[in-house]
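We did not get these values from a lab; they are worked out from the coordinates using the rules stated. Only a predicted model underlies this, so the values are computations on that prediction, with no experimental measurement involved. Quick reminder, even Gly has a Cβ in these numbers, built from the backbone with ideal geometry, and neighbours come from all protein chains shown.
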Amino acid sequence: MGMKIALAGNPNCGKTTLFNALTGASQHVGNWPGVTVEKKEGKLRGHGDVIIQDLPGVYSLSPYTLEEVVTRDYLVTEQPDAILNIIDASNLERNLYLTTQLMELGLPVVIALNMMDVVRRQGGSIQSSALSQALGVPVVEISALKGENCVEAALEAVRAAKSRQAAKPVTFGEDIEHALEQIGTQVSGHCQPSHNRWYAVKLFERDARTELPLGQMAKDTIEAYIKTVEDAQDDDAESIITNARYECAAKLAHAAGREGKVHKLTGSDKIDQIVTNRWLGFPIFVGVMFLVYYLSISTVGTMMTDWVNDVLFGEIIPPAVEGWLASAATPEWLNGLVLDGIVAGVGSVLGFLPQMMVLFLCLAFLEDCGYMARIAFLMDRIFRRFGLSGKSFIPMLIGTGCGVPGIMASRTIENQRDRRMTVITTTFIPCSAKLPVIALIAGALFGGAWWVGPSAYFVGVAAIICSGIILKKTRLFVGDPAPFVMELPAYHWPSLKGVLRHMWERAVAFIKKAGTVIFLAVTLIWFLQTFNFRLEMVEQNESILASIGNVLAPIFAPLGWGDWRAAVAAISGLIAKENVVGTLGVLFGFAEVAEDGVEIWGTMQQVFTPVAAYSFLVFNLLCAPCFAAIGAVRRELGGKWTLIAVGYQCLLAYMVSLCIYQFGALLTGAASFGVGTVVAIIILVVFLYLLFRPQPKPESKLRRAAVKA
Amino acid sequence: MKSLEQVKPGETVSVVRLHGEGPIKRRIMDMGITKGVTVFVRKVAPLGDPMEITVRGYELSLRKADCAAIEVQ
């Protein structure tokens, strides 16, 4: 029978590094059941029968955040054989606060004391033996970064697990202990004996997620005990326990010889003084962002992506496959499927990869060195007005290059609601593939007017801001506001191995999950635009896609472009947005067009009025992004939220385009007041209502409490 | 009553009481801001919000709206 060791600790304490050091390549990454919190486990190096279970990084075991609930549910119900609690020695008190909670779970606990080198560099010291004595559990000094003593700490946990000696919980003040003891007697018999303390404390805290089948009398008795302590201390029970825990943590830290840090400027403080300086903060931020963008989107990343697209999937693989297919004398349709469908589809996915690897490398570096938290610190004020997080800036900036890495960059936002909102709105920003569409419309119908391009970005930013405000008031997003209580970790130079590993994990995740979806979707579109309903290979304007375009065209008539070719072009934009230009070219009878479609400008002028063309442009900017981006959304949010995101984007695009066309046509005199105008007015009124209505009150009492305070 | 929101950068105060209840209060307390603890206000973000404080030997960022519920002296 194998053994399970749970790895628990604060965020930023080196837990991931320790986990990697302990398990090497034998990791299994999944999700915790029902939630999108990542779950990692792996075998202990050299000890195949010991499984290390990585728990989310948490500060506490409160019932309020997803990560904390996942952690405590696992520890209470699954009961690993021991807990290996990793502690950041340079931040002893706050880390010990979690330890005091872990020790109540009736499980053996071993402490891995990390980052002692930082403490020594700051001129401090910690007696790990004294700490071990005060806590009554083994303490092992480790260096996760250098891999020192890591396996030894795990083996210590294995020994503790074999001994089955549960950690002895820390004791609080006399009055609290008295109440806990009384509650404990009420609880006993309703839970495992080893969980008695845990449940007593949770009931004392009036923990909303703790339910025991107690009778009304027992409940009243417990309530009376809580009340007595509350009245004596003039505070609520939850705060009383939290206070008591921190008192313990401070005492333990004192016993270990670690006093509160004196106000001495460390190197990290000096960096921070400059980087988040009142005047220099933003220029430095702009510089860093420019560098990230420059490396991943403008230069290194794009050079490699272009190489993959143009050389690898342009000159090397297709001719090779073509030659191979020719030698095998395969039928024409199979050639088409393999070359235009599969090879082109896989190419379109892999083409993004180099760009993303460079981007992920930059992001991993920013995250690991501690600058990411400062970005949120700088930008929070702007973004939280729109229901977004300070960290939403990065996905949006990256999104101007390509939506796929932009969406993937949202990973760095911890709060789930902020992350969802960011993913849904990021693709509103015109990405580089939308530029040809803008160039086409600007050139063909507005005489290359200078304002068309900037206006596209303006529409994108406006869509993000309005969506943020509207969505945060909907039922999907309303609820308790996420507090922005964020640790600003000390700056440190990240390890190359850690950064590379970080980058690699994300890249693999993208290839695996997004790859399959994009691949299938691209193949489907290829099929639709190559065959007719009798499954004969035909030109695009006789294909199934053309038929679908014909059916869909009337839907777009109120938007001013009921021509079936425009509808087909918009659909083909799902493969890649620049396809809109190419498809229009093909449908207007040109085999090949330049990137801005200069050949079809004349025809465009006959099919579109300027207002209709602008409506077409806005629709293509705002509607569902390309399949690659949708695949990335699915990877980040899961199936249900992908539907919500795409549905919202298409709906918004339709509404905005309709209003633009109807009002525009009315103002330019191209159309008179009619049903369309009325519909547009109604949409506008509803839109303004959604935008300016007051924030609905969430059902829970929590927000009221915050306001009252 | 003086709240943490009103404290100027560079000043050190001690926490008297936390008002309110529920997740935000718990979260603030979980991060170590409890009764009697010493808090040093390091700076305010360039746009005037949030604040950066030092508590229990580490750096924490808090929105001013949340700081308003922290009574200090």
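If the cut-off is a Cα-Cα distance under 13 Å, which aspartates and glutamates reach A:K15, setting aside same-chain residues fewer than 8 apart in sequence? Correct list for A:K15: A:E41, A:D54, A:D88, A:D368. The equivalent ellipsoid of the range A:174-233 has semi-axes of 18, 12, 10 Å, largest first, where each one is the square root of 5 times an eigenvalue of the Cα gyration tensor. Between the helical axis of A:639-668 and the longest alpha-carbon principal axis of chain A there is an angle of about 40 degrees.
Helix A:675-692 and the long axis of chain A differ in direction by around 20°, with both axes built from C-alpha atoms.
Summary: within chain A, the longest segment free of GluC sites (Glu not before Pro) located in DSSP loops with at most 14 other C-beta atoms within 10 Å is A:260-535. Pairwise Cα distances in the protein assembly as shown exceed 44 Å for 35 percent of all pairs. Ordering A:A179, A:Y648, A:I83 by Cα displacement along the dipole of chain A toward the positive end leaves A:A179 in first place; charges were set at the Cβ atoms of Lys, Arg (+1) and Asp, Glu (-1).
Taking N as the residue count of the range B:2-72, its C-alpha radius of gyration divided by 2.2 N^0.38 Å amounts to 0.97. Projecting the Cα atoms of A:L397, A:S239, A:I630 onto the charge dipole of chain A, computed from C-beta unit charges around the Cα centre, puts A:S239 farthest toward the positive end. Expressed as a whole percent, the proportion of Cα-Cα pairs in the range A:3-163 lying more than 28 Å apart is 13%. Considering only alpha-carbon pairs that sit under 8 angstrom and 6 or more positions apart, the relative contact order computed for chain A is 9 percent.
Take each residue in B:48-57, count the other chain C-beta atoms within 10 Å of its C-beta, and the mean is 6. What longest region of chain A stays clear of chymotrypsin sites (Phe, Trp or Tyr not before Pro) that DSSP places outside H, G, I, E and B and that have at most 10 other Cβ atoms within 10 Å? Maximal segment without exposed cleavage sites: A:1-278.
The separation of the range A:151-174 from the range A:320-356, counted between C-alpha centres, amounts to 58 Å. Within a straight-line Cα-Cα reach of under 20 Å, A:K227 can be paired with the following lysines, leaving aside sequence neighbours fewer than 8 residues apart in one chain: A:K202, A:K219, B:K25, B:K35. Between the helical axis of A:627-637 and the longest alpha-carbon principal axis of chain A there is an angle of about 20 degrees. Sorted largest first, the principal axis extents computed over the alpha-carbon atoms of the range A:129-276 equal 58, 43, 27 Å.
Centroid-to-centroid, using Cα positions, chain B and the range A:511-572 are 57 Å apart. The charge dipole of the range A:45-148, taken about the Cα centre with unit charges on the Cβ atoms of Lys, Arg (+1) and Asp, Glu (-1), comes to about 380 debye, rounded to the nearest 20.
Spin-label model, B:T12 to A:T474: label points 7 Å out along the Cα-to-beta-carbon direction sit 5.0 nm apart.
Here the Karplus relation 6.51 cos²θ - 1.76 cosθ + 1.60, evaluated at θ = phi - 60°, turns the backbone of the range A:607-616 into coupling constants of 8, 10, 8, x, 5, 4, 5, 5, 4, 4 Hz, with x for every Gly and Pro.
Put a plus charge on the Cβ of each Lys and Arg, a minus charge on the Cβ of each Asp and Glu, and nothing anywhere else: the dipole of the range A:174-233 about its Cα centre is then about 320 debye. Note on A:K472: lysines with a C-alpha under 19 Å away, same-chain residues under 8 apart excluded, are A:K391, A:K640, A:K697, A:K701. In the protein assembly as shown, helices alone account for a calculated mean residue ellipticity at 222 nm of -16000 deg cm²/dmol, with every DSSP H run of four or more residues adding -39,500 (n - 2.57).
Label separation (A:E332 vs A:E181): 9.2 nm, computed from points 7 Å beyond Cα along the C-beta direction. So how much slack lies between A:K219 and A:L667, counting 0.36 nm per residue of separation and subtracting their Cα-Cα distance, in nm? Roughly 154.3 nm would be gained on extension.
Note on A:F290 and A:T77: their simple-model spin labels are 5.3 nm apart, each label 7 Å out from Cα toward Cβ. Our coupling estimate for the range A:3-16, obtained by passing each phi through the Karplus curve with A = 6.51, B = -1.76, C = 1.60 and θ = phi - 60°, is 10, 10, 10, 8, 9, 10, x, 5, x, 6, 9, x, 5, 4 Hz, Gly and Pro reported as x.
Neighbour counts of other Cβ atoms within 10 Å put A:V110, A:V69, A:V461, A:V551 in the fewest-to-most order A:V551, A:V461, A:V69, A:V110.
Charge dipole of chain A (Cα centre as origin; +1 on each Lys and Arg Cβ, -1 on each Asp and Glu Cβ, all else neutral): 860 debye, rounded to the nearest 20.
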